[in-house]
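*Asks:* Quick one: the structure is below, and I'll ask about it shortly.
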Amino acid sequence: MGKPTGFLEFDRQLPQKRKVEERLRDFQEIETQHTDEHSRQQAARCMDCGVPFCHNGCPLGNIIPEFNDAVYDSNWALAYEILASTNNFPEFTGRICPAPCEASCVLGINKPPVAIEFIEKSIAEKAFELGLVKPRLPKKRTGKKVAVVGSGPAGMAAASQLNQAGHTVTLLERADRIGGLLRYGIPDFKLEKRFIDRRLEVMEQEGIEFRTNVNVGVDIKADELLRDFDAVVLSTGSTVPRDLKIQGRHLKGVYFAMEFLSQQNKRVADIVREKDHRGAAYQQGELLATDKHVVVIGGGDTGSDCVGTSNRHGAKSVTQIELMPMPTATRDVTTPWPNWPMMLRTSTSHEEGCERQWAINTKEFIGDENGNLKALKIVKLDWQKDPETGRFSMQEIPGTEEEISCELALLAAGFLNPQQEGLLNELGLEFDDRGNIKTKPNGYQSITSEKVFAAGDSRRGQSLVVWAISEGREAARAVDEYLMGESLLEAKSVSMLNPTFAHV
């Protein structure tokens, strides 16, 4: 390594964040600018560890020690070449990935791990600054046409890889802009949309065709899709939200998290219209948390995004409740290194102001005489582990029911599966027991149509952006092999298929 003693000399240090009172006044990214020297110093902490478990922790199989070494040497061109060989969009993952690679860092056994995510972002931004990110035009075209349905990270990655293989790629999106979850799900304070647009300009110059406002299955029928393209990649995401069907669910003030977040992202981009990106008219009008008691139901990342957005709206109070018990503050014994640790995580949104409650079940939404939400009825839970099966079960604790004030309840309990009605059913696809598109064992090709492939959340279920990019890359390689009999696209090593990380 560039500095073998770096991990002994330097502490983990991430870029400073803007002060809370400042960042709550806008939706811009919360981190301040950093220096090249800061990046070099953090890269110097990468050890000569012998077996870099970070490779296995990363769903993309990023070659982390090597790009760290290049950063330490200020060789940004080499660092970007190494990083881009496995990751199409490091400017995204360097901002919004929970960094399972860092959980597997050898240094992290007894010290804070290497700041891999920060270094990745540094490489990406330096590459754009130095003009290293250039359109990569295929040497020749194969004459094969591929449609990619859904323009989230999986679809974008699949389109990018297939284009590199020389196929003519059309990326179809039913929303008004490309990006999927990146565009309309993740708040701007985590990922400003100019970074998506910057990448799309490069992809367009590479020859990828983007078609928005196209609802495949309606505007283009399934039989047309199969007739006009040599292969189809479905990267439609897991879009059916988990609902909470209890009394009062119909009240005005109870909404899915994505309705709230998507509208805010459009508001930031100044594109709020009478219709949302699915073409359905806004029944709820303007969704704002201003001067309201907000309760976010669900303790994951989406719930955290709702917390941060509500704080920026000027909510009267923000409470996040979670069904499961509170995790331990440190790595749980059930998830030892190098596994992804089960532990308490506090986001920057939580730091901005939020009451968090654990082991809470929502019993009822309570409304006023005008049909507006005014309170929630909740109850505390007791979780017990069965010594024989190891399974946990919950019971309500008698006497703990209470009502809490709430004018805006946001359901952030995750997603069940892709929308099956319409295109997926028209294609005659089969689904697994979770409702996701069923593909051939250890593959991405549909079991019902050899021309149809699936990638991302629609195939594996709700997961991380980094997993979606990995899925898109692997599906592209499978399509290339189907069309050409072989593929020269980069393949992920067998070790990356370790099921330990399958549902991070």
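Every number in this text was worked out from the coordinates using simple rules, so none of it is lab data. Since this is a predicted model, take the numbers as computed values, not measurements. Positions of Cβ are generated from backbone atoms using ideal geometry, with glycine treated the same way; all protein chains shown enter the neighbour counts.
*Asks:* Leaving out same-chain residues fewer than 8 places away, which lysines sit with a Cα under 24 Å from that of K121?
*Replies:* Within reach: K3, K17, K19, K111, K134, K190, K193, K492.
*Asks:* Then there is this: For segment 445-477, run through the GluC sites (Glu not before Pro) and keep only the ones in DSSP coil with at most 15 other Cβ atoms within 10 Å of their Cβ.
*Replies:* Here the sparse-neighbourhood loop sites are E450.
*Asks:* At 37 °C and 0.692 mPa s, grab the translational diffusion coefficient of segment 126-285 from Stokes-Einstein with a Kirkwood Rh over Cα pairs, rounded to a whole number in µm² per second.
*Replies:* 189
*Asks:* Could you give each residue of segment 177-184 its phi-based ³J(HN,Hα) in whole Hz, using Karplus coefficients 6.51, -1.76, 1.60 with θ = phi - 60°, and x for Gly or Pro?
*Replies:* Along segment 177-184, the couplings run 9, 6, x, x, 4, 4, 7, 10 Hz.
*Asks:* As a test of understanding, state the convex hull volume per residue of segment 243-413 from its alpha carbons, in Å³.
*Replies:* For segment 243-413, the hull spanned by Cα atoms encloses 153 Å³ per residue.
*Asks:* Which whole-Hz couplings ³J(HN,Hα) result when phi for each residue of segment 473-480 is put into the Karplus expression 6.51 cos²θ - 1.76 cosθ + 1.60, θ = phi - 60°, listed in order with x for Gly and Pro?
*Replies:* Listing the rounded values in order: 5, 5, 5, 4, 5, 5, 5, 4 Hz.
*Asks:* Can you give the percent of C-alpha pairs in segment 1-143 whose distance is more than 26 Å?
*Replies:* Value for segment 1-143: 26 percent of Cα pairs lie more than 26 Å apart.
*Asks:* Same structure again: For the pair E355 and T328, how long in nm is the line joining their label points, each one 7 Å along Cα→Cβ?
*Replies:* Using points 7 Å along Cα→Cβ, the separation is 2.9 nm.
*Asks:* Report, in whole Å, the centroid distance computed from the Cα atoms of segment 439-490 and segment 53-97.
*Replies:* First find each Cα centre; the distance between them is then 22 Å.
*Asks:* Helix-only estimate, please: 222 nm mean residue ellipticity of the chain, summing -39500 (n - 2.57) across DSSP H runs of length 4 or more and dividing by its residues, to the nearest 500.
*Replies:* Taking each H run of at least 4 residues, the total per residue is -8500 deg cm²/dmol.
*Asks:* Between T346 and S393, what FRET efficiency comes out of the Förster formula 1/(1 + (r/R0)^6) with R0 = 25 Å and r the beta carbon distance, rounded to 0.05?
*Replies:* 0.35
*Asks:* Right, next: Restricting to DSSP loop positions (anything but H, G, I, E, B) with no more than 10 other Cβ atoms inside 10 Å of their own Cβ, which trypsin sites (Lys or Arg not before Pro) remain in segment 108-201?
*Replies:* K139, K140
*Asks:* State, as an integer percentage, the relative contact order of the chain based on alpha-carbon contacts under 8 Å between residues 6 or more apart.
*Replies:* RCO, the chain: 17 percent.
*Asks:* Counting only residues 5 or more places away or on other chains, whose amide H sits under 5 Å from the amide H of N417 once H atoms are built in the peptide plane?
*Replies:* Here T239, V240 satisfy the definition.
*Asks:* Per 0.36 nm of contour for each residue apart, how much would the distance between L14 and E402 grow if the chain were fully extended, relative to their Cα-Cα spacing?
*Replies:* Contour length minus Cα-Cα distance gives 135.6 nm.
*Asks:* Please list, in order along segment 312-321, the HN-Hα scalar couplings obtained from phi with the Karplus expression 6.51 cos²θ - 1.76 cosθ + 1.60 (θ = phi - 60°), rounded to whole Hz, x for Gly and Pro.
*Replies:* Result, ordered by residue: 6, 6, x, 5, 5, 7, 10, 10, 10, 10 Hz.
*Asks:* Report the GluC sites (Glu not before Pro) located in segment 297-389 that are in a DSSP loop and have at most 11 other Cβ atoms inside 10 Å of their Cβ, or state none.
*Replies:* Counting only loop positions with at most 11 other Cβ atoms within 10 Å, the GluC sites (Glu not before Pro) in segment 297-389 are E369, E388.
*Asks:* Also, I was wondering about something else. Can you list the lysines whose alpha carbon sits under 27 Å from that of K385, skipping same-chain ones fewer than 8 residues off?
*Replies:* Result set, ordered by chain and number: K245, K363, K377.
*Asks:* Counting alpha carbon pairs within less than 8 Å and at least 6 residues apart, what relative contact order, in whole percent, applies to segment 6-129?
*Replies:* Once normalised by length, the contact order is 28 percent.
*Asks:* Would you kindly state how much longer the chain becomes between K385 and L78 on full extension, computed as 0.36 nm times their sequence separation minus their alpha carbon distance, in nm to one decimal?
*Replies:* The span from K385 to L78 would gain 105.5 nm if fully extended.
*Asks:* Rounded to two decimals, what ratio of Rg to Rh does the chain give with C-alpha atoms and a Kirkwood Rh?
*Replies:* Rounded to two decimals, Rg over Rh is 0.96.
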